[in-house]
Amino acid sequence: MVHASSTAAGRRPLVSIERLGVTFGRNCVLRDVRLRIQRGETVAVIGESGCGKTVLLKTIIGLLNPTSGSVWFDGQDLASLNERELTQQRIRYGFLFQQAALFDSMTVAQNVAFPLRQHRTLPEAEIQQTVVARLAEVGLPDNVLGKRPAELSGGMRKRVGLARALVLEPELMLYDEPTTGLDPIMSDVINELILSTRKKHPVTSVIVTHDMRTAHKVADRVVMLYPSARLKPDEPQVLFDGPPETIEKADDPRVTQFVRGEARERLMELHQQNG
Amino acid sequence: MSTPSDIPISDLPHENQGWIDSLTDRVADLGGVVLDALAEVGSMSLFAWRMFTWLFSRLPPRGTLTPSFYQIGVLSLPVVALTGTFIGMVLAVQSFAQFRMLGMETRMGAVINMSLVRELGPVLAATMLAGRVGSSMAAELGTMRVTEQIDALSSMGANPIHYLVVPRFLGCLLLIPALTIMADFMGMVGAGLFSIHLLGVDSHHYMENTRQFVSHFDLFVGVFKSLFFGGAIALIGCHRGFHCNPGAEGVGRAATSAFVLSFVAILFLDLMLGIVLDAVYYSIWPEAPKLF
C-alpha cells in the first residue's frame, strides 16, 4: 500500500506518523501525534520523563502497536504487515536502547555479529572482520571482543550497542536516550559518534533525549512532546517542531521552561502535595 | 484520622444499602478474577498458537537448540535420577508393612513398578523439570524482557518466539521422555534393591510379578503423558517470562507463578490423560477388568 498524500508532495517522508494515539489501560501516553521525518534528517525528540518519547520510538519500529492512528515507513503502513513481514522490515532499522540491551549470554563479538548471522550468509572470517571494524568505528579496541557485557562500563556498553545497531547499515537509526546515565565526557563521545555515523552512512536518525546539549549538537530539527495528562483536551501534544537554534525563542513558556530546566509549577505542585 | 463516632449519623449507609453494596462489590471482584483468568487463558492460547506457527514453518538455528537441550536434558538428569531412586525406596518402605500383613510381599514389585511407570515416574520427572527448568526459563526470559533484550531481538529482525521459545519448547518436549524413563528406571532399581536386599523380599517372585503385571502399554502411557507435561512446562515458563512485570519483584513473581501454574497443569493434564488413555486401553482390550 502506498501513502498517497506523500507521493503527491513529490518527496515521500521516510517515516510518517498520522494521528497516533497509544493508551495503556486507562493511561493515555500519546494522543493525536503527527510527525513526518524526511530521509537524511536527524530529529531530536525531547520532553520530560513520562511524556511518551520512548513509546513513540517503539511505535515507529513496531515494537508497540498504536491504539489509534498509523505509522508509515517508506510508504508502508506498519499495521498492514504481518509478523513475518514486520520482522523483515526491521532489518532496515537500527535501535540503540537506553541501557544498550546487549545479550548477557553472549560476548561482545557475538552481540555485534548477531544481526549479520541472522540475516546474511557470510564466511566467518568476514563476519569477524566486520565486527572488528564496527567496534573500531565506535572507538573500542580488539580486546573487548571476548568480554561479556557485564564486564563493560556503561559508556562501553552503549558503544557496543551502537556498533551492533549499525552493523547492517540501517536506513533509520533510533536512539533511546543515548547519553542518559553517562558522564559529560562520555556523553560528548556518544554525540560525536552519532555525528560521525551520519557522515559515514546516509542514515536518518530519531534521537529521544532530555539532554539539550545532545539536541543542540546533533539534531537538524527538534520536536518537543508534552505529557498528555497535562494538556487541555484540544491542545496538540507536540509543543514545538523546528530547528534547535529557535527553540529558546519559542512562544510557549512550557518549551522555554524545559529548555532552561526551570521547575516552576512542578515545585508548586510538590509543595501542595507536601502540605 | 476519623473514628466511627466522628461520622455523622446521616452519612452512615442504610443497613440494606450497605448489604447490597457489599454483595455487588463481591460479585464485581469475582467477575474481575474470572475476567483476568479468561484473559490469561486467551493470552496463553495465542502465545502457544504463535509458537506452533513458528515451529512448523522454520526450525531455529542450531546454536540456540544445543544450549537449550543441554540445560533441559543433561543438567536435569542427576536430580531426576536421584528423586526417582528415593521415591522407589520410599514406596518400598511404605508398602512393605501392608503387604507383609497379607503375606503378599512378592506382589510389591508389581504395585510399586506399576505406580512408578504409569504415574510417579512421569509426574516426578515433570515436577522436577518445572522446578528446575520452568521457573528458570521464566526468570531468564523475564530478565530479558525487563532489560529490553527481547525488544532488542525484535528490533534486529529476529522473532523472539522463534529464537527463544521454540528451542525451549523442543528441548522440553523431546527430552522429557528420556527424563521420565530415567525416573522410572532409577525408581525401579531403588525399590528393587531396597525390597530385596534390605527388606528380604524374594527376588525371583518380585521380578516375576513385575514382569507379569507391568505391560508395555503402561510404559507407553507414562512416556506419552510426559510429552504433554513437557510442552506445558515450556509454554507456561516462556509465557510467564514474556509477560513479566518490570523490576526484580516482577521477575521473582514470574518464576514462582511459572512453577505453580506448571504444577497445576501437570496434575490437571495427568487426570485428563489418565481418563482418555484408560478409554483407549479398554477399547483395545475390552475384556480387561474395569473400575466402573
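Only the coordinates and a few stated rules stand behind these numbers; no lab work does. Computed from a prediction, not measured in an experiment: that's the story for all the values here. Neighbour counts are summed over all protein chains in view; Cβ atoms, including those assigned to glycine, are modelled from backbone coordinates with ideal geometry.
FRET efficiency for the B:R211 to B:Y70 pair, using the beta carbon distance and R₀ = 30 Å, is estimated at 0.25.
Helix B:77-102 axis versus longest C-alpha principal axis of chain B: approximately 60°, rounded to the nearest ten. Dividing the mean sequence gap of close Cα pairs (under 8 Å, 6+ apart) by how many residues chain B holds gives a relative contact order of 28 percent. With a 10 Å cut-off around each Cβ of B:155-165, the average count of Cβ atoms from other chains is 6.
Using a Gaussian network model of chain B whose springs link C-alpha atoms within less than 10 Å, name the residue from B:R58, B:R100, B:R26 with the highest mean-square fluctuation. In the Gaussian network model the winner is B:R26.
Over the Cα atoms of region B:182-258, the radius of gyration divided by the Kirkwood radius equals 1.28; this is the Rg/Rh ratio. Remark: mean inter-chain Cβ contacts per residue of A:96-107 equal 4, using a 10 Å Cβ-Cβ cutoff to other protein chain atoms.
By the gyration tensor of its Cα atoms, with a ≥ b ≥ c the square roots of the eigenvalues, what is the shape of chain B: rounded for a/c under 1.5, prolate for a/b over b/c, or oblate? The shape class here is oblate.
Percent of C-alpha pairs per 5 Å bin in chain A, short distances first: 1, 5, 12, 15, 17, 16, 13, 9, 6, 3, 1, 0, 0, 0.
If you run the Gaussian network model on chain A, springs between alpha carbon atoms under 10 Å, then out of A:I207, A:I61, A:I91 the most flexible one is A:I91.
Taking the average, over residues, of other Cβ atoms within 10 Å as the packing measure, peptides B:161-168, A:182-189, A:222-229, B:72-79 rank B:161-168, A:222-229, B:72-79, A:182-189 from highest down. Using just its DSSP H runs of length 4 or more, each adding -39500 (n - 2.57), chain A gives a mean residue ellipticity at 222 nm of -11000 deg cm²/dmol after division by all residues. Remark: spin-label model distance A:M106-B:D278 equals 5.1 nm, labels positioned 7 Å along the Cα→Cβ axis. The count of lysine pairs in chain A that are at least 8 places apart or cross chains, and whose C-alpha atoms lie under 23 Å apart, stands at 13.
Candidate cross-link partners of B:K225 among the lysines, defined by an alpha-carbon separation under 24 Å and a same-chain spacing of 8 or more, comprise B:K290. Within the protein assembly as shown, antiparallel bridges make up roughly 50 percent of the DSSP beta bridges whose residues both belong there. Taking each residue as 0.36 nm, the span from A:T256 to A:A79 lengthens on full extension beyond its C-alpha to C-alpha distance by 60.1 nm. Here each label is just a point 7 Å from Cα along the line to Cβ, and for A:L267 and B:Q98 those points are 7.8 nm apart. Relative to the longest principal axis of the Cα atoms of chain B, the long axis of helix B:135-146 lies at roughly 30 degrees. For A:T42, the amide hydrogen comes within under 5 Å of the amide hydrogens of A:S205, A:D220, A:R221, counting only partners 5 or more places away or on other chains and with H modelled in the peptide plane.
Determine the shape class of region B:17-57: with a ≥ b ≥ c the square roots of the Cα gyration tensor eigenvalues, call it rounded for a/c under 1.5, and otherwise prolate if a/b is greater than b/c, oblate otherwise. It is prolate, given that a/c is not under 1.5 and a/b is the larger ratio. Computing FRET efficiency as 1/(1 + (r/R0)^6) for B:L82 and A:R39, where r is the C-beta to C-beta distance and R0 is 56 Å, gives about 0.35. Across peptide A:78-86, the mean count of Cβ atoms from other chains lying within 10 Å of each residue's own Cβ comes to 2. Near A:H210, within a Cβ-to-Cβ distance under 15 Å, what is the net charge of the other residues, with Lys and Arg +1 and Asp and Glu -1? My count for the surroundings of A:H210 gives +1.
Note on the protein assembly as shown: Rg/Rh from Cα positions, Kirkwood definition for Rh, rounded to two decimals, is 1.10. Dividing the mean sequence gap of close Cα pairs (under 8 Å, 6+ apart) by how many residues region B:6-137 holds gives a relative contact order of 25 percent.
FRET efficiency for the B:E287 to B:V33 pair, using the beta carbon distance and R₀ = 51 Å, is estimated at 0.60. Here, region A:1-154 has an Rg and a Dmax of 18.5, 52 Å when only alpha carbons are counted. Under 10 Å, Cα contacts only: if you run a Gaussian network model on chain A, which one of A:L57, A:L231, A:L35 comes out with the highest mean-square fluctuation? Of A:L57, A:L231, A:L35, the most mobile in the Gaussian network model is A:L231.
Once the gyration tensor of the Cα atoms in region A:112-250 is diagonalised, the equivalent ellipsoid follows with semi-axes of 33, 16, 14 Å, ordered largest first.
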